[in-house]
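Enquirer: Right, I'll just put the structure down here and ask away after.
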Amino acid sequence: MQKKISAPGKIEPATPDDLDHILSIEKESSPNPWKRSYFEDELTGRLSTILVFKGLEEERIKGFIIFRKIDDIVEINNIAVCIRERRKGIAESLLSFLKTFAARESVTEIFLEVRSQNSGAVKLYEKFGFKFSGIRKGYYNNPKDDAWMFRLDIN
Ligand SMILES: CC(C)(COP(=O)(O)OP(=O)(O)OC[C@H]1O[C@@H](n2cnc3c(N)ncnc32)[C@H](O)[C@@H]1OP(=O)(O)O)[C@@H](O)C(=O)NCCC(=O)NCCS
């Protein structure tokens with residue numbers, strides 16, 4: 001079978017001008033979308049980074065990832081791709097970019113939490129090599145759900 005070709009695009013740090021696009025992706029992607037102020041805090045936070053995936057032709061943002069680096073550990077706090085651009089490899093591209101960054105910065109581990117019912121995201125992380133590392137019972141509300149924890153060791 002022929003391997004899927006990732007969507008062409010570029011990945012770069014977000015700017016305040018990107019917030020409207022990021023918010024519209026967030027609203028269509030999450031049962032409890034983050035407020036604008038959360039994104040503003042992540043944009044200016046010393047430890048946080050927002051990366052956006054943009055198409056080569058049009059500047060419109062197709063996906064984003066938000067993470068925090070604390071010493072030698074990175075935590076992914078959010079990742080989303082706009083609905084009409086899903087299953088084109090954009091989330092994998094964002095994770096690959098983050099993994100390369102993490103290796104360069106001597107990070108030892110990337111970790112994240114995901115709703116147990118979010119089977120698409122769980123498959124994404126497993127395909128990428130994340131290993132299941134535990135459960136936080138009843139961690140999420142609206143709807144109530146457990147958090148599954150995943151980690152990726154970086155050599
Ligand atoms: C989860 C999400 C970020 C994936 O983005 P994406 O760009 O569509 O993912 P990719 O195209 O890179 O998928 C890579 C692999 O992950 C798995 N995967 C991704 N979405 C999937 C889905 N809905 N169902 C099953 N497997 C899925 C597949 O193995 C896929 O490879 P394949 O297409 O060759 O089968 C996207 O569906 C999304 O934004 N969801 C809403 C927000 C969200 O749930 N974020 C995660 C919070 S922890």
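The values are calculated or read from the model by the stated rules, or taken from the named source; none is laboratory data. As the structure is a prediction and not an experimental result, all values here were calculated from the model. No Cβ is skipped: glycine too gets one built from the backbone with ideal geometry, and neighbour counts run over all protein chains shown.
Enquirer: If you go through the stretch 6-29 one residue at a time, do you hit one that is under 24 Å from Met149 (Cβ atoms) and in a helix (DSSP H, G or I)? Before the answer, list the steps.
Expert: Filtering the stretch 6-29 for residues under 24 Å from Met149 (Cβ atoms) gives 26, 29.
With the extra rule that they be in a helix (DSSP H, G or I), the set shrinks to 26, 29.
Checking the stretch 6-29: at least one residue is under 24 Å from Met149 (Cβ atoms) and in a helix (DSSP H, G or I).
Enquirer: Being touching a residue at least 12 places away in the same chain (Cβ under 8 Å), in contact with a Ser or Thr (Cβ under 7 Å, 6 or more places away or on another chain) and closer than 21 Å to Ile90 by Cα is true for just one of Ile22, Ile11. Which residue is that?
Expert: Going through Ile22, Ile11 in turn, just one is touching a residue at least 12 places away in the same chain (Cβ under 8 Å), in contact with a Ser or Thr (Cβ under 7 Å, 6 or more places away or on another chain) and closer than 21 Å to Ile90 by Cα: Ile11.
Enquirer: Can we say Arg68 is in a strand (DSSP E or B) and surrounded by fewer than 17 Cβ atoms within 10 Å (Cβ to Cβ)?
Expert: Yes.
Enquirer: Return the residues of the stretch 34-76 that are within 16 Å of the chain's Cα centre (by Cα), acidic (Asp, Glu) and more than 14 Å from the ligand (Cβ to nearest atom); say none if nothing qualifies.
Expert: Correct list: Glu42 only.
Enquirer: Another question, if that's okay. Would you mind finding the one in Leu95, Leu112, Leu124 that is in a helix (DSSP H, G or I), modelled with pLDDT of 95 or more, in contact with a helix residue (DSSP H, G or I) (Cβ under 9 Å, 6 or more places away or on another chain) and under 16 Å from Ser30 (Cβ atoms)?
Expert: After applying the criteria, what remains is Leu124.
Enquirer: Taking the stretch 77-116 as the search range and keeping residues that are within 13 Å of the ligand (Cβ to nearest atom) and among the small types (Gly, Ala, Ser), which one is surrounded by the fewest Cβ atoms within 10 Å (Cβ to Cβ)?
Expert: That would be Ser96.
Enquirer: Can you name the residue in the stretch 22-32 that is more than 10 Å from the ligand (Cβ to nearest atom) and modelled with pLDDT of 95 or more and, of all such residues, is surrounded by the fewest Cβ atoms within 10 Å (Cβ to Cβ)? Can you show your working first?
Expert: First pass over the stretch 22-32, keeping only residues more than 10 Å from the ligand (Cβ to nearest atom): 22-24, 27, 32.
When the remaining residues are screened for being modelled with pLDDT of 95 or more, the result is 22-24, 27.
Working: Ile22: 23, Leu23: 15, Ser24: 14, Lys27: 11.
In this case the residue turns out to be Lys27.
Enquirer: Of the residues that make up the stretch 136-151, is at least one surrounded by fewer than 19 Cβ atoms within 10 Å (Cβ to Cβ), within 13 Å of the ligand (Cβ to nearest atom), touching a residue at least 24 places away in the same chain (Cβ under 8 Å) and not in a strand (DSSP E or B)?
Expert: no
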